[in-house]
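A quick write-up on the structure given underneath.
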Amino acid sequence: MSPPVRSEQLRALPETAFESYQTYIAKVSKYSTVTVGTEGHRYSVPSHYVGCRVEVRDYPSKVVFLFQGQIIAAHKRIFSANSKVSIQLEHVIDELCKKPGVVQEWKYKDILFEHPVWNVFYQRMRAQRDEQSSIKEFLKCLALTTEYGRQNVTVAMQLLEEQGGLLTRDKLQAIVANDAFDPMDIRPARRNLVEYDELLRRKV
C-alpha cells in the first residue's frame, strides 16, 4: 500500500482558470479576413495586417487573433455547417475610406447600416448630396467609431440630425468630442420672478 500524499507534496492550484483552445498560424487575405476551421468560416482583422501571418486561437465560444504576441481581433465563434463571415466595421473602415467607390459593389456593405440610426443618418446625407460624395462623407463619419466608440458616435448622429442643416463629418466630430460649443457661452436662464409672487398670494 502506497504511503499517503502529504499536502506539501501537492502543487498549488493555478491562479486563473484553464482555457482550452487550438492554435495555429494563418495568413490574412487581401480582404482582411482569416479562414478558421474546417467549415471555412472567415473572420476580419484590422486591414493593415493584410498579407501578414497571425496566430489563431480557436476557443469553443470565440476566436482570437494575435500578431507578435498581441491581440489584434476577437470574434464570437460562428456556429454553422456552411461557410459564414464575421466582419467588424472597425477592421475595414479605414480601407473603405480610401476606396469609397467600391462600397456599392461590396458584398458586406450591410454592416455600414447595421444600426437604424446610421441608416437614417446616411439617408439624410444622401438627400443633401450626390451619391458619391454622400457615401464618402458617411464613411468618414463611421471612421470616428474607431476613436470614440460606436455608442458615442451613434448618439452624436442623432443630436446632429436634430440640429438640422448640412450633415458633415466635422460637425459630427465636434459633438462626439464634446467641443461643439464653448462652456463659457452658457448663460443662466432668465426667470420671471412675478410667477413666484403668485404662489405666495395663493398661500395666503
Residue under evaluation Ala17, criteria (1) at pLDDT 95 or above; (2) open to solvent by 20 Å² or more (accessible area, probe 1.4 Å); (3) of a type in the set (A, V, I, L, M, F, W, C), criterion not met
(1)
Filter pass, Glu39 being over 22 Å from Leu89 (Cβ atoms) and surrounded by 15 or more Cβ atoms within 10 Å (Cβ to Cβ):
no
If we ask which residues in the stretch 156-165 are free of Cβ contacts under 8 Å to residues at least 40 places away in the same chain, open to solvent by 40 Å² or more (accessible area, probe 1.4 Å) and either charged (D, E, K, R) or touching a Leu at 6+ places or on another chain (Cβ under 6 Å) (or both), their number turns out to be 1
Pick from the stretch 68-84, criterion among the aliphatic types (A, V, I, L, M) and buried (at least 16 other Cβ atoms within 10 Å of the Cβ), ranking: nearest to Gln151 (Cα to Cα):
Ala73
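The values are calculated or read from the model by the stated rules, or taken from the named source; none is laboratory data. Everything numeric here is computed off the predicted structure, so don't read it as measured data. All Cβ positions, even for glycine, are placed from backbone atoms using ideal geometry, and neighbour counts span all protein chains on display. Just so you know, the surface numbers come from the protein's heavy atoms only, side chains and all, with ligands and any DNA or RNA stripped out. Shrake-Rupley method; radii C 1.70, N 1.55, O 1.52, S 1.80 Å.
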